[in-house]
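Q: What follows is a single structure, and I will ask about it in a moment.
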Amino acid sequence: MGIYDKKYFLGANSCEGFYSEFTECYCPEDNWKAYIIKGGPGTGKSSFMKYIAAKADKAGVECELCVCSSDPQSLDGVILPKLKTVILDGTAPHVVEPVYPGACEKLLDFGQYRNDDCFRGKEAEILNVTKQNKALHKMASRYMSAAGQLILDNLKISSACTDKEKTYAFAQKLAAKCIPKKGGSGHEWIRFIQGITPLGVVSYSQTITASANRVIPIADPYGSASGIIIDVIRLYALKAGYDIISLKNPFLPSKLYDHIIIPELSLAFVTENEYQHFKTDERRIHARRFVNSTQLHNSRKRMQFNKKAVKQLLLSAASTLSEAKKVHDGIEKYYIHSMNFEALTAFAESFSKKLLS
């Protein structure tokens, strides 16, 4: 298994605003260590994490990559589960501050490799492009917020047509059949495998197949039935004593979980819709068996309109995020010229040796 098999997002440009789960990728109570990088754009945070990931992979250490939702070519984090170690970009918009400084978290200040004299006479330019970047992100957020209202409208319509008791009973039987109880209580890790990015909606479905030999798909275009099933399985697995990875919906993260991975059982339950599909030999569970199709049909035109409008709004959001990335690339150039990358590379070498020895 290589370092590109397991990719996640720890934050989402969601329809509810930027949604961060950065603090949910390590557990201080279980002796995890978190290295939190501070430094401006273009200071080598992503390159540093890619370097550590490559070294870990070469050393045979399991590594999970956490991709930046504003630039899928960059990293926001690296997780080394066996070492109980994470390295995170702790700068805005996903600010991470130490809760147990020294005991659990340690700050890595990349500002020490920066020559601030390089910014003399360029302060106004930097402020201007930074404001442009923020304005573009706010515009993209407005597009996504509008899309979220329409996605939520379809979810509410579908939910009203869903037999919740039948769905819940089915989910309980499915969970009992697939998840043997072992006692105790499990730990929940929360992440995303899908994100709204400058490239559009990006999905890392291979993360699921790299984590589980058995993948049980629930085909549900709106999430009303799959949301119930996934939530029942999530709670059942935790009470049965299993650690799980819960993957939230990138559009409505406060309302829906899309997928559950149970690593110990090499088992995953996933939601399929127009944005995500999985290759699996398992028989699909179709949401329509729990939905009153006649009742749903009465809202067909409204729901179709919503879906079309959502696509256009998400395209506009992605296009605006792409513009924001171009501006951000311009900001990075100011910082790149100010950095002592030789010193940073030397630090990366010594850090990786100490971490992986």
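The values are calculated or read from the model by the stated rules, or taken from the named source; none is laboratory data. Treat the numbers as computed from the prediction; the structure is a model and nothing was measured. Virtual Cβ from ideal backbone geometry, glycine too; neighbours counted across all protein chains shown. All accessible areas refer to the heavy atoms of the entire protein, side chains included, with ligands and DNA or RNA removed. Shrake-Rupley method; radii C 1.70, N 1.55, O 1.52, S 1.80 Å.
Q: So in the range 32-74, with the set limited to residues that are closer than 25 Å to PRO198 by Cα and among the hydroxyl-bearing types (Ser, Thr, Tyr), which one is surrounded by the most Cβ atoms within 10 Å (Cβ to Cβ)?
A: Once the filter is applied, the top-ranked residue is SER69.
Q: I want to confirm something. Restricting to the range 318-356 and keeping residues that are among the aromatic types (Phe, Trp, Tyr) and in contact with a Leu (Cβ under 9 Å, 6 or more places away or on another chain), which single residue is nearest to PRO250 (Cα to Cα)?
A: The first filter runs over the range 318-356 and keeps only residues among the aromatic types (Phe, Trp, Tyr), leaving 334-335, 341, 347, 351.
Now narrow it down to the ones that are in contact with a Leu (Cβ under 9 Å, 6 or more places away or on another chain): 347, 351.
Working: PHE347: 35, PHE351: 33 Å.
So the residue we want is PHE351.
Q: Another question, if that's okay. I'd like to check something: does the range 107-128 contain any residue that is hydroxyl-bearing (Ser, Thr, Tyr) and closer than 16 Å to GLU24 by Cβ? Reasoning before the result, please.
A: Our first condition is that a residue be hydroxyl-bearing (Ser, Thr, Tyr); within the range 107-128, this holds for 113.
From what's left, closer than 16 Å to GLU24 by Cβ: none.
Looking for residues that are hydroxyl-bearing (Ser, Thr, Tyr) and closer than 16 Å to GLU24 by Cβ, one finds none in the range 107-128, hence no.
One line per residue, one yes/no per condition, for (1) modelled with pLDDT of 95 or more; (2) closer than 27 Å to CYS25 by Cβ:
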{"residue": "LEU247", "(1), (2)": "yes, yes"}
{"residue": "PHE251", "(1), (2)": "yes, yes"}
{"residue": "SER266", "(1), (2)": "yes, yes"}
{"residue": "THR271", "(1), (2)": "yes, yes"}
{"residue": "HIS286", "(1), (2)": "yes, no"}
{"residue": "SER299", "(1), (2)": "yes, no"}
{"residue": "LYS308", "(1), (2)": "yes, no"}
{"residue": "HIS337", "(1), (2)": "no, no"}
{"residue": "SER350", "(1), (2)": "yes, yes"}
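Q: Sticking with this one: Looking at the range 167-180, can you tell me whether even one residue there is in a helix (DSSP H, G or I) and touching a Ser or Thr at 6+ places or on another chain (Cβ under 9 Å)?
A: Scanning the range 167-180 turns up at least one residue that is in a helix (DSSP H, G or I) and touching a Ser or Thr at 6+ places or on another chain (Cβ under 9 Å).
Q: With the requirement that a residue be open to solvent by less than 10 Å² (accessible area, probe 1.4 Å), out of contact with any helix residue (DSSP H, G or I) (no Cβ under 6 Å at 6 or more places or on another chain) and assigned to a loop (DSSP other than H, G, I, E, B), what does the range 183-229 give you?
A: Matches in the range 183-229: ALA212 only.
So that you can scan it fast, the table gives a plain yes or no per residue for (1) crowded, with 19+ Cβ neighbours inside 10 Å; (2) within 30 Å of TYR335 (Cβ to Cβ):
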site	(1), (2)
GLU125	no, yes
ASN128	no, yes
LYS134	no, yes
LYS138	no, yes
SER145	no, no
GLY148	yes, no
ASN154	yes, no
ALA160	no, no
THR167	yes, no
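Q: Here is a further query. Give all pairs with beta carbons closer than 8 Å in which a residue from the range 90-115 that is in contact (Cβ under 8 Å) with a residue 12 or more places away in the chain and open to solvent by less than 80 Å² (accessible area, probe 1.4 Å) meets a residue that is in a loop (DSSP other than H, G, I, E, B) and hydroxyl-bearing (Ser, Thr, Tyr); count only pairs at least 6 apart in sequence or on separate chains.
A: If the second residue must be in a loop (DSSP other than H, G, I, E, B) and hydroxyl-bearing (Ser, Thr, Tyr), the pairs left are CYS104/TYR26; PHE110/THR43; GLY111/THR43; TYR113/THR43; ARG114/THR43; ARG114/SER338; ASN115/SER338.
Q: For the range 205-242, what are the residues that are polar (S, T, N, Q), more than 20 Å from the chain's Cα centre (by Cα) and within 30 Å of MET303 (Cβ to Cβ)? Break it down stepwise before answering.
A: Initially, the range 205-242 is screened for residues polar (S, T, N, Q), giving 205-207, 209, 211, 213, 224, 226.
Still in the list and also more than 20 Å from the chain's Cα centre (by Cα): 213, 224.
SER224 - this is the single residue of the range 205-242 that is polar (S, T, N, Q), more than 20 Å from the chain's Cα centre (by Cα) and within 30 Å of MET303 (Cβ to Cβ).
Q: Please work out which residue is nearest to LYS177 (Cα to Cα), limiting yourself to the range 234-270 and to residues that are exposed (fewer than 15 other Cβ atoms within 10 Å of the Cβ) and polar (S, T, N, Q).
A: SER266
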